[in-house]
1. So if I check each of 175, 202, which one is closer than 30 Å to residue 17 by Cβ, in contact with a helix residue (DSSP H, G or I) (Cβ under 8 Å, 6 or more places away or on another chain) and in a loop (DSSP other than H, G, I, E, B)?
2. Restricting the range 55-70 to residues that are touching a residue at least 40 places away in the same chain (Cβ under 8 Å) and part of a helix (DSSP H, G or I), which is farthest from residue 195 (Cα to Cα)?
3. Are any residues in the range 11-41 touching a strand residue (DSSP E or B) at 6+ places or on another chain (Cβ under 7 Å) and under 13 Å from residue 145 (Cα atoms), and if so, which ones?
4. Of the residues 37, 73, which is under 13 Å from residue 123 (Cα atoms) and either out of contact with any helix residue (DSSP H, G or I) (no Cβ under 9 Å at 6 or more places or on another chain) or assigned to a loop (DSSP other than H, G, I, E, B) (or both)?
5. Quick one: which residue in 134, 170 is in contact (Cβ under 8 Å) with a residue 60 or more places away in the chain, surrounded by fewer than 16 Cβ atoms within 10 Å (Cβ to Cβ) and under 18 Å from the mean Cα position of the chain (by Cα)?
6. Residue 4 versus (1) surrounded by fewer than 21 Cβ atoms within 10 Å (Cβ to Cβ); (2) over 15 Å from the mean Cα position of the chain (by Cα); (3) in contact (Cβ under 8 Å) with a residue 24 or more places away in the chain; (4) not in a strand (DSSP E or B): which is the lone unmet condition?
7. Taking residue 207, is it loosely packed, with under 14 Cβ neighbours inside 10 Å and either at pLDDT 90 or above or in contact with a strand residue (DSSP E or B) (Cβ under 9 Å, 6 or more places away or on another chain) (or both)?
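The values are calculated or read from the model by the stated rules, or taken from the named source; none is laboratory data. Owing to the predicted nature of the structure, the values given are computational and were not obtained by experimental measurement. Backbone-built Cβ (ideal geometry, glycine too); neighbour counts: all protein chains shown.
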């Protein structure tokens, strides 16, 4: 049975978030709020947790998972970022964007794209999630909470609890999130002098990216 942590969206209770962080350290998969929709997250270095996350989401290893980072300096540890890419990232973070970048050696092979060696990264702008990331003291591996057979992400924590009661270890309820996934932008073409490629237009507007 999933634990249920009901936290204030603007002033989340540290005690509850510490319990959630401890669960992640123990190999749990959690449903958490973000600035786009709810997401499934787990510890980056826990192979069993990553496999469980993929099973819940119904995706294989070719589906890009996303590293949720505390800030740009942490993001740059897990991706190869040149000056041009960094300027674009700085203009749009934190926010509801996922950026595809070349993975650094810090990213386990099993979570990067098997043929392209790329990874999705983002710096979310959600108080409860940012504080959870700080308590975890490392990026979390995540994916938008769209269940197999669904076309839209889940954004209501009560519905998530009902549908994932026996699949996730805990749900962090910070109220309803926007029912819209992130905007996804592939920055890897910039590494060879090209332009960024918009893969999905979502909650994040394109104007801050100059696109």
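1. 175
2. Result: 56.
3. 29, 30, 31, 32, 33, 37, 38, 39, 40, 41
4. Checking each option against the conditions leaves just 73.
5. Checking each option against the conditions leaves just 134.
6. It fails just one condition, (4).
7. Yes, satisfied.
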